[in-house]
Amino acid sequence: MATRDELKKAILELIRTDEEFRLAVAGALGLDTILNELKALRQDFNAMLSRVINIESKVTNIENRVTSIENRATGLEGRVTGIEDK
């Protein structure tokens, strides 16, 4: 009969070398559920990241438009001042 330490070593060796055994142990421990949750979280994160990138692009566009409007307003102020000075 194998000692407890020998059994531990044999189990660890099986985990390292036997994929089917490793997956069975992971399933028994509920690691497959955790892995599936992590995959779902990664998908959610990637979707949110895409949305953030899209929003950043829109904000940059709005900033450029505001700058353009500010420049035009400054030009119009100058023209109004010129007209008022006449």
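All of the numbers you see were taken from the coordinates with simple rules; none came from a lab. Since this is a predicted model, take the numbers as computed values, not measurements. All Cβ positions, glycine included, derive from the backbone under ideal geometry; neighbour counts span all protein chains shown.
Please order PHE45, PHE21 by the number of other Cβ within 10 Å, starting at the fewest. Don't skip to the end; give the middle numbers.
On the way: PHE45 10, PHE21 14.
The most exposed by this proxy come first: PHE45, PHE21.
For the stretch 4-85, with only Lys/Arg (+1) and Asp/Glu (-1) charged at the beta-carbon, what is the dipole magnitude about the Cα centre, in debye rounded to 20? Walk me through the numbers on the way to the answer.
On the way: 12 positive and 15 negative charges, 29 e Å.
For this selection, approximately 140 debye.
Just one of (i) 8.0; (ii) 5.2; (iii) 10.1 is mean projected area of the Cα convex hull in nm² as worked out from the coordinates here. Which one is it?
It is the one labelled (iii).
R0 = 35 Å: FRET efficiency of ALA10 with LEU31, Cβ-based, nearest 0.05?
On the way: r = 20 Å, r/R0 = 0.58.
Result of the calculation: an efficiency of 0.95.
Cut-off is 10 Å between beta-carbons; in what order do MET1, MET48 appear when sorted fewest neighbours first?
Details: MET1 4, MET48 10.
Fewest-to-most ranking of MET1, MET48: MET1, MET48.
Hey, what do the phi angles of the stretch 49-64 turn into as Karplus ³J(HN,Hα) couplings, whole Hz, using 6.51/-1.76/1.60 and θ = phi - 60°, x for Gly and Pro?
My calculation for the stretch 49-64 gives 4, 4, 5, 5, 4, 5, 5, 4, 4, 5, 5, 4, 4, 5, 4, 5 Hz in order.
What are the ³J(HN,Hα) values, in whole Hz, obtained from phi via the Karplus relation 6.51 cos²θ - 1.76 cosθ + 1.60 with θ = phi - 60°, for each residue of the stretch 69-77 in sequence order, with x given for Gly and Pro?
Residue by residue, the stretch 69-77 yields 5, 4, 5, 5, 5, 4, x, 5, 4 Hz.
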